[in-house]
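Visitor: I have a structure I would like to understand better, so I am pasting it below and will then ask my questions one at a time.
The values are calculated or read from the model by the stated rules, or taken from the named source; none is laboratory data. Fair warning: this is a prediction, and the values are worked out from it, not measured in the lab. FYI the Cβ positions are ideal-geometry reconstructions off the backbone, even for glycines, and counts take in every protein chain you see. To get the accessible areas, we keep the full protein, side chains included, count just its heavy atoms, and leave off ligands, DNA and RNA. Shrake-Rupley method; radii C 1.70, N 1.55, O 1.52, S 1.80 Å.
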Amino acid sequence: MGKLAVLAGKGALPVALSDARPDALLFTLAGMSHDLSRPTFEHRFEKLGGLIQDMKDRGATEVVMAGGMPRPQIDISALDAFMMANAARLQAAFQQGDDTLLRLFISLFEEQGIKVRGAHEILPELTIGQGAVVGPSPTADQMRDIEKAADLLKALSPHDLGQGAVVSAGLCLGIETLQGTDALLQFVAETPKHLVRQPGVFVKVPKSGQDLRVDMPAIGPGTIEKVIAAGLAGIALAAHRVILLERAKTIAAAEKAGLFLYGLEGL
């Protein structure tokens with residue numbers, strides 16, 4: 001039976017995978033930080049062929065890509081034969097959005113016989129299901145705000161824009177852009193109070209067509225702190241399609257703050 005490899009970036013998710021699967025092989029990319037305490041096999045992005053071959057030589061048949069990984073700065077002169085053979089594909093992908101680059105990354109592994117798995121497939125408990133996890137179910141007014149936020153995100157999705165939105169009393173207070181969730185919630189926190197009719201809701205969903213194996217949206221304890229600072233009433237997540245990082249801490253923080261945390265199918 002083949003082994004699982006974890007290609008790890010920054011954050012709690014690779015740590016959770018490492019803790020849950022001590023038999024997993026851990027790989028990292030040179031120049032990219034991580035929080036793993038176990039030894040890792042480090043490779044340069046320019047030598048992706050060597051990384052894939054190392055995984056195969058060590059018996060890996062599946063890989064999970066987890067954690068924050070910024071776009072690499074590539075030294076063209078250091079490309080190995082595998083990367084040179086795929087240079088045209090890489091150049092085209094780098095000129096487009098992150099979704100395109102991640103899809104190519106998946107293809108490069110799977111063309112070499114290593115199946116790409118999502119972290120949520122290995123640890124299903126990373127996500128939440130339908131209904132209230134913390135607090136009461138959203139009120140009718142809050143559900144309307146959730147639905148409006150989801151509609152806005154769906155409309156923007158073809159433009160590779162936004163996984164999160166905040167809506168209050170039918171008014172959009174902010175959309176997540178390239179700067180990310182924290183920037184959105186900070187912006188909402190700084191909104192003049194006379195513009196906010198009632199505590200709003202934060203909605204987090206994947207973009208349509210987003211490959212959840214390598215790019216599933218996530219929230220964590222830090223998100224809860226930002227939601228509290230923004231004066232929001234609660235959070236709605238796409239059920240089974242958004243990761244809860246440090247789940248116990250995230251749920252406890254939401255409960256302590258009196259926020260609702262709710263999972264909705266169909267978002």
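Visitor: Only residues that are assigned to a strand (DSSP E or B) and open to solvent by 40 Å² or more (accessible area, probe 1.4 Å): list them for the range 1-42, please.
Guide: Lys3, Lys10, Phe41, Glu42
Visitor: Taking the stated definitions as given, is Ala257 touching a strand residue (DSSP E or B) at 6+ places or on another chain (Cβ under 7 Å) and open to solvent by 10 Å² or more (accessible area, probe 1.4 Å)?
Guide: Judged against the criteria, Ala257 is not a match.
Visitor: (1) assigned to a helix (DSSP H, G or I); (2) surrounded by 15 or more Cβ atoms within 10 Å (Cβ to Cβ): which one isn't true of Leu161, the others all being true?
Guide: (1)
Visitor: Can you tell me which residues in the range 182-215 are among the charged types (D, E, K, R) and either assigned to a helix (DSSP H, G or I) or under 14 Å from the mean Cα position of the chain (by Cα) (or both)?
Guide: Asp182, Lys193, Lys204, Lys207, Asp211, Arg213, Asp215
Visitor: Please give the strands (runs of 3 or more DSSP E) falling wholly within the range 51-134 in which 2 or more residues are closer than 24 Å to Met1 by Cβ and either open to solvent by less than 30 Å² (accessible area, probe 1.4 Å) or modelled with pLDDT of 90 or more (or both).
Guide: 60-66, 115-117
Visitor: Any residue in the range 147-166 that is modelled with pLDDT of 90 or more sitting within a Cβ distance under 9 Å of a residue that is open to solvent by 90 Å² or more (accessible area, probe 1.4 Å)? List the pairs, counting only those 6 or more apart or interchain.
Guide: Between residues of the range 147-166 that are modelled with pLDDT of 90 or more and residues that are open to solvent by 90 Å² or more (accessible area, probe 1.4 Å), the close pairs are Val166/Phe187.
Visitor: Looking at (1) assigned to a helix (DSSP H, G or I); (2) open to solvent by 60 Å² or more (accessible area, probe 1.4 Å); (3) not hydrophobic (A, V, I, L, M, F, W, C), which is the one condition that is false for Gln142?
Guide: Only one criterion in (1) assigned to a helix (DSSP H, G or I); (2) open to solvent by 60 Å² or more (accessible area, probe 1.4 Å); (3) not hydrophobic (A, V, I, L, M, F, W, C) is unmet by Gln142, namely (2).
Visitor: Restricting to the range 167-183, what's the tally of residues that are aliphatic (A, V, I, L, M), modelled with pLDDT of 90 or more and open to solvent by 50 Å² or more (accessible area, probe 1.4 Å)?
Guide: Looking only at that region, the number is 1.
Visitor: What residue, among those in the range 238-254 that are open to solvent by 50 Å² or more (accessible area, probe 1.4 Å) and within 20 Å of Leu212 (Cα to Cα), is nearest to the chain's Cα centre (by Cα)?
Guide: Among those residues, the one meeting the criterion is Arg241.
Visitor: Against the conditions (1) touching a residue at least 40 places away in the same chain (Cβ under 8 Å); (2) part of a loop (DSSP other than H, G, I, E, B), where does Gln179 fall short? Just the number, please.
Guide: Condition not satisfied by Gln179: (1).
Visitor: Another one. Just checking, does the range 135-157 include any residue being under 26 Å from Leu13 (Cα atoms) and touching a helix residue (DSSP H, G or I) at 6+ places or on another chain (Cβ under 6 Å)?
Guide: Checking the range 135-157: not a single residue is under 26 Å from Leu13 (Cα atoms) and touching a helix residue (DSSP H, G or I) at 6+ places or on another chain (Cβ under 6 Å).
Visitor: Quick check: is even one residue across the range 216-232 open to solvent by less than 60 Å² (accessible area, probe 1.4 Å), assigned to a strand (DSSP E or B) and farther than 26 Å from Val63 by Cα?
Guide: Checked the range 216-232: no residue is open to solvent by less than 60 Å² (accessible area, probe 1.4 Å), assigned to a strand (DSSP E or B) and farther than 26 Å from Val63 by Cα.
Visitor: Filter the range 145-155 down to the residues that are of a type in the set (A, V, I, L, M) and surrounded by 18 or more Cβ atoms within 10 Å (Cβ to Cβ) and list them by number.
Guide: Across the range 145-155, the qualifying residues are Ile146, Ala149, Ala150, Leu153.
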